[in-house]
Amino acid sequence: MEIRINKEIKNYHESLFFGLSARQFICSVAAVGAAVGVYFGLKDIVGKEIVSWLCIVCALPLAAAGFFKYNGMQLEEFIIAFIRSEFIYAGVRTFKSENILYNIYKEVLQMLKNQKRTPTQLFGKKEKRIIPKNVQQSIPIKRIYRDGIMQCGQYFSKTWRFSDINYAVASDDDQLEMFLAHSAILNGLPTDAFAKITIYNKQLNRNVFEQFITPTDKADKNSITYAKELKALLSDKMADSNNIVHEKYITISSEKKNIEEARTFFARVGNDLTVDFGKISSHITELNYKERLRIFYDFFRGNDGGIFNFDLKKAMAVGADFKDYICPDSMEFKSDYIKIGDRFARVIFLKEYPSFLKDSMISELTDFSCSMMLSVDIQPIPTDDAVKEVQKKLLAVETDITKWQQKQNMNNNFSATVPYELEQMRKEIKEFLDDLTTRDQRMMFVTVTILHIADSLDALNNDTETILSIGRKHLCNFAVLKYQQEDGINTVLPYGLINIRAIRTMTTESTAVLMPYKTQEIIDNDGIYYGINAISHNLLMCNRKLLLNGNGFVLGVSGSGKSFASKMEIAMSALFTNDDIIIVDPEREYAPLISNLGGESITLSASSNNHINAMDINNDFNIEDNPISIKSEFLISLFDQLLKTGDARNSGGVGAKEMSII
């Protein structure tokens, strides 16, 4: 599916003089004024040649301030970002643990000793802005709550995990229906908050396959042989896949006065999200504090993190900071990359959009085999405010066109056509306004950022080039976030923050084309291997005992491998689980396998030594009805099937006479 992307209208400003915007005109006048002042003030002191160079030096920064723009930043913002990145925030930040209770008690005693502030005033004081000196201070989380709400500054945020759906393999009609449903989800986002859709590419946890190393409680030769063969088979299958799983989250963040107000807000938003995601058969789950911290723990610690054991109650009792449990050993922010421990990371963002974009771009980016986190930040704008803003832009374009036409008329050029740029901008703004007013679209500010990690700087550069090439394939221009890597990482991670200015104005339809869905993975704990996912090429590890209805059957044409699939499931169940396995085998096809697995085969036939007594009643028969009556009904149905013939005119079966005998 290919969707048209609207042009950016946010950056258009009405020209005041000589085609300049208000900022450009003011900066130009200031540059000229500075040059004139320097010239007349110093020409008699240093000479005309030197004062000429001084005029250029003084005027150039002021003139550049009106025209300079880099990654959404004006000149003064760029200078501040450069100074922060290269000087103020530069250097290695190491792990430094502090006891929170000790620091609080120390500060309280110091304040009481100096009699400057009461304890009540102490806890209500405004926090100072600090320059991060250690990795704990680099994490912007201020407070966490047991229900999963986090506070970063004045913003409260909450995260939900949503399951993937089989979008890539759906038909065109089904994809269109899913696309419209996803658009409805975006339209339903609250306007007093912003949303972050995060796709976390992480290496597949090999603990899922540890059960295939040795049998559970079997030690005979055949069991070990089967286990080794199955392990080799799964290893070959895993080698053909990228071993990447996609965890998908949506984080809602809003500025609230206190936690009570935030809880009420998130309860309402959670109910709406559950209903909206349910319409596309995506299951949404609310994350508690431990599950949210686990995301940051996995990202910062990587594959060497081990088991995440964190209990908020125990940490509070000893005064431990929760950041100690999730932060890396060290962090160092460079101009275009980040060093996290022994690994390297980089933040890139989507700088320029094409005129048309396919819905497969996000899935192709996340298919790249590397540890990656992709975030789509969405800030919905109220429709009334959006319409007013677009109407102002349209009025500005119309004003510029009128000024241009008046200028041409003054030059007696009455047949001149409107410049192409102005005509196109007017057309784009009118279409944008029609989308808002007639097509039930909403205006949204969108930011797409990617954070990827590698083990070395060379590998990081290669991965960056690969991601940029994937973007160029879709005519999208991705760029490295220069001098804003720290702001970028805080934007990508699901803290609920947007700290960069690379914002794009889009409609609901244009935003919905950034589809986070691809294919549903089945990787259950204690699952059994059933095959390969045709889209992601990951193993299908299903535990049918976790399903509401765990029954199943195998279908296929002759020679398609039905018997082999059944024998594979039997072998894995026998070797790696404690399940009881009963096989009804009319063709005597499974006897060798059962014998090798240490099972027992029982032959039932007219000439065999083993028989089933159909009239036997178990002593443990526990039911309210009469067991003799129930057994009689069973015998009637049994004899009715045995006595029937193939002749429709003389069907046989149990008649009244035979029934009375039974």
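The values are calculated or read from the model by the stated rules, or taken from the named source; none is laboratory data. Since the model is a prediction, treat every value here as computed from it, not as a measurement. Glycine also receives a Cβ, built like all others from the backbone with ideal geometry; neighbour counts cover every protein chain displayed. Note: accessible area is taken over every heavy atom of the protein model, side chains too, but ligands, DNA and RNA are not part of it. Shrake-Rupley method; radii C 1.70, N 1.55, O 1.52, S 1.80 Å.
The rows are residues; the columns are (1) among the aliphatic types (A, V, I, L, M); (2) without any contact (Cβ under 8 Å) to a residue 60 or more places away in the chain; (3) crowded, with 17+ Cβ neighbours inside 10 Å.
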{"position": "51", "(1), (2), (3)": "yes, yes, yes"}
{"position": "59", "(1), (2), (3)": "yes, yes, yes"}
{"position": "68", "(1), (2), (3)": "no, yes, no"}
{"position": "86", "(1), (2), (3)": "no, no, no"}
What's the number of the only condition in (1) within 27 Å of residue 494 (Cβ to Cβ); (2) more than 23 Å from the chain's Cα centre (by Cα) that residue 368 fails to meet? (2)
List the residue pairs whose Cβ atoms are under 6 Å apart, where the first residue sits in the range 596-615 and is surrounded by fewer than 10 Cβ atoms within 10 Å (Cβ to Cβ), the second is among the hydrophobic types (A, V, I, L, M, F, W, C), and the two are 6 or more positions apart or on different chains. 610/602; 610/604
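Tell me, which helices (runs of 4 or more DSSP H) wholly within the range 478-576 include 2 or more residues that are touching a Leu at 6+ places or on another chain (Cβ under 9 Å) and among the β-branched types (Val, Ile, Thr)? Quick ask: steps written out before the conclusion?
On the way: elements: 485-492, 508-512, 562-576.
Of the helices (runs of 4 or more DSSP H) lying wholly inside the range 478-576, those with at least 2 residues that are touching a Leu at 6+ places or on another chain (Cβ under 9 Å) and among the β-branched types (Val, Ile, Thr) span 485-492, 508-512.
Restricted to the range 283-328, and to residues that are on the phi > 0 side of the Ramachandran plot and either assigned to a loop (DSSP other than H, G, I, E, B) or without any contact (Cβ under 8 Å) to a residue 40 or more places away in the chain (or both), which residue is least open to solvent (accessible area, probe 1.4 Å)? Don't jump to the end; show me each part of the working.
Restricting attention to the range 283-328, the residues satisfying the condition of being on the phi > 0 side of the Ramachandran plot are 302, 306, 319.
Narrowing further to those that are either assigned to a loop (DSSP other than H, G, I, E, B) or without any contact (Cβ under 8 Å) to a residue 40 or more places away in the chain (or both): 306, 319.
Details: 306: 51, 319: 4 Å².
Checked the range 283-328; the qualifying residue least open to solvent (accessible area, probe 1.4 Å) is 319.
Out of 447, 464, which single residue is touching a residue at least 24 places away in the same chain (Cβ under 8 Å), surrounded by 21 or more Cβ atoms within 10 Å (Cβ to Cβ) and under 22 Å from the mean Cα position of the chain (by Cα)? If you could, list the steps in order and put the result at the bottom.
Working: 464 fails: surrounded by 21 or more Cβ atoms within 10 Å (Cβ to Cβ).
Matching residue, one of 447, 464: 447.
For residue 151, state whether it is in contact with a Cys (Cβ under 9 Å, 6 or more places away or on another chain) and either assigned to a helix (DSSP H, G or I) or at pLDDT below 95 (or both).
Values: in contact with a Cys (Cβ under 9 Å, 6 or more places away or on another chain): no; either assigned to a helix (DSSP H, G or I) or at pLDDT below 95 (or both): yes.
For residue 151, the condition - in contact with a Cys (Cβ under 9 Å, 6 or more places away or on another chain) and either assigned to a helix (DSSP H, G or I) or at pLDDT below 95 (or both) - is not met.
Name the strands (runs of 3 or more DSSP E) wholly within the range 329-429 that hold at least 2 residues that are touching a residue at least 40 places away in the same chain (Cβ under 8 Å) and closer than 26 Å to residue 473 by Cα?
Details: elements: 330-333, 338-340, 343-352, 356-358, 371-380.
Hits in the range 329-429: 343-352, 356-358, 371-380.
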Need pairs with beta-carbon distance below 6 Å; first residue farther than 17 Å from residue 225 by Cβ and within the range 567-579, second assigned to a helix (DSSP H, G or I); sequence gap 6+ or separate chains. 579/573
Can you report the number of residues in the range 498-518 which are open to solvent by 10 Å² or more (accessible area, probe 1.4 Å) and farther than 19 Å from residue 252 by Cβ? 5
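Could you tell me which of the residues 369, 335 is surrounded by fewer than 17 Cβ atoms within 10 Å (Cβ to Cβ) and more than 16 Å from residue 467 (Cβ to Cβ)?
335
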Restricting to the range 244-272, and then to whatever is hydrophobic (A, V, I, L, M, F, W, C) and outside any helix (DSSP H, G or I), can you tell me which residue is nearest to residue 498 (Cα to Cα)? 252
